[in-house]
């Protein structure tokens, strides 16, 4: 039995909504006080795992969803952050290499 377009579109919409909710989900960080009791920090962090982000990226790619880095300031910020991380990683690698010799 073949699914009809309307049902496939509904499934696609539901998958999209679930991915959006999971990627945007945040939880409050916790720490422990001196007695070992859990204390909420008031800081909320995103909980998306690398596997979930990879799934979302694949979903976008499979559906031909792209963006223009030059016109999207979030993507520009991501590009800058990745560039800084890559530079920092190269510097750390060079420093570690120098220490080992």
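Contact list please: Cβ distance under 7 Å, first residue in the stretch 36-48 and on the phi < 0 side of the Ramachandran plot, second residue surrounded by 12 or more Cβ atoms within 10 Å (Cβ to Cβ) and outside any loop (DSSP other than H, G, I, E, B), pairs at least six apart or on different chains.
Listed pairs, sorted by first residue: 41/29; 43/29; 45/29; 48/22; 48/23.
Could you check residue 35 against (1) assigned to a helix (DSSP H, G or I); (2) surrounded by fewer than 10 Cβ atoms within 10 Å (Cβ to Cβ); (3) modelled with pLDDT of 90 or more and say which number it fails?
Among (1) assigned to a helix (DSSP H, G or I); (2) surrounded by fewer than 10 Cβ atoms within 10 Å (Cβ to Cβ); (3) modelled with pLDDT of 90 or more, the lone unmet condition for residue 35 is (1).
Which residue, of 30, 41, 66, is loosely packed, with under 10 Cβ neighbours inside 10 Å and not in a helix (DSSP H, G or I)?
On the way: 30 fails: loosely packed, with under 10 Cβ neighbours inside 10 Å; 41 fails: loosely packed, with under 10 Cβ neighbours inside 10 Å.
So the residue among 30, 41, 66 that is loosely packed, with under 10 Cβ neighbours inside 10 Å and not in a helix (DSSP H, G or I) is 66.
The values are calculated or read from the model by the stated rules, or taken from the named source; none is laboratory data. A quick note: this is a predicted structure, and the numbers were derived from the prediction, not measured. Note that we place each Cβ from the backbone using ideal geometry, even for glycine, and neighbour counts take in every protein chain shown.
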